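The values are calculated or read from the model by the stated rules, or taken from the named source; none is laboratory data. No experiment lies behind these values; they were computed from the predicted model shown. Here the Cβ positions follow ideal geometry from the backbone for every residue, glycine too, while neighbour counts run over all protein chains shown. With ligands, DNA and RNA removed, areas are computed over all heavy atoms of the protein, side chains included. Shrake-Rupley method; radii C 1.70, N 1.55, O 1.52, S 1.80 Å.
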Amino acid sequence: MTAHTSFTNPGAKRTIITAGLIAGSLDILTACVQYYIKTGKDPVNVLNFVASGVFGKDALTGGTMYAVLGLLFHYLIAFAFTLFFFWVYPRWKALSFNKYLTAVGYGLFAWVIMTRIVLPLSQAPKIPFHIKPAMIAAAILICMIGLPLSLIIGKYYSEKQNS
């Protein structure tokens, strides 16, 4: 691993933190806005649902503490996807050919991991599969996770390669 791909490099740390905060913030903001538009209910329910992955149904009727924990869990997941993308980007050269296709691929990867592995293994209430909401969720992850990670981390590695 070269110096610029090391997680201990200050530029790498700054890139990971920036990318994770932007992607995580865009994703949760979009989820909350979409939930509010769709249901007219308090978007804090989104954070409670995230917390229910660990705490089960109690989190759905919980108070502020569950919402805060849900937000924390959300950012932990966003940073896990960010760290993995940062790690895999220089190892899989195909990711650098087209940042927009990479965003689509990584957003779909995140959707598969979340809906087919993380959620089924969690204590969150099970959500039946319907194609339209699945497509919306996948599009959100493509735009709010895949795109910022592809652009920010891609820029980091492009600059390092050119220096």
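Name the residue farthest towards the positive end of the dipole of the chain from the options TYR89, THR30, ILE136, assuming +1 on Cβ of Lys and Arg, -1 on Cβ of Asp and Glu, about the Cα centre.
TYR89
Which of LYS38/LYS99; LYS99/LYS126; LYS41/LYS126; LYS93/LYS132; LYS93/LYS126; LYS41/LYS99 have a Cα-Cα distance over 26 Å? Show your work: numbers first, answer last.
Numbers: LYS38/LYS99 31 Å; LYS99/LYS126 33 Å; LYS41/LYS126 20 Å; LYS93/LYS132 33 Å; LYS93/LYS126 37 Å; LYS41/LYS99 36 Å.
Flagged as over cut-off: LYS38/LYS99; LYS99/LYS126; LYS93/LYS132; LYS93/LYS126; LYS41/LYS99.
Counting Lys and Arg as +1 and Asp and Glu as -1, each charge on the Cβ, what is the dipole of the chain about the Cα centre in debye, to the nearest 20? Intermediate values should be presented prior to the final figure.
Values: 13 positive and 4 negative charges, 66 e Å.
Charge dipole, the chain, about its Cα centre: 320 debye, nearest 20.
In Å², what does the accessible area per residue of segment 1-109 work out to with a 1.4 Å probe? If you can, show how the numbers build up before the last one.
Values: 6240 Å² over 109 residues.
Ligands and nucleic acids excluded, the result is 57 Å² per residue.
So, with a 1.4 angstrom probe, what is the percent of accessible area on segment 86-158 that is carbon and sulfur? Could you put the intermediate results ahead of the total?
Numbers: 3240 of 4220 Å².
That share works out to 77 percent.
Under a 10 Å cutoff between Cα atoms, tell me which one of ILE113, ILE127, ILE153 has the largest fluctuation in the Gaussian network model of the chain.
Comparing ILE113, ILE127, ILE153 in the GNM, the peak value goes to ILE127.
Under the classification rounded if a/c is under 1.5, otherwise prolate if a/b is larger than b/c and oblate if not, where does segment 46-87 fall, given a ≥ b ≥ c as square roots of the Cα gyration tensor eigenvalues?
Details: a/c = 4.25, a/b = 2.77, b/c = 1.54.
Verdict is prolate for segment 46-87.
State the dimensionless ratio Rg/Rh of the chain (Rg: radius of gyration of Cα atoms; Rh: Kirkwood radius). Intermediate results must be reported in sequence, preceding the final value.
Values: Rg = 16.6 Å, Rh = 16.5 Å.
Rounded to two decimals, Rg/Rh equals 1.01.
Going through segment 61-163, which trypsin sites (Lys or Arg not before Pro) have at most 11 other Cβ atoms within 10 Å and a DSSP loop state?
Values: sites: ARG91, LYS93, LYS99, ARG116, LYS126, LYS155, LYS160; in loops: ARG91, LYS126.
Sites meeting the loop and neighbour criteria: ARG91, LYS126.
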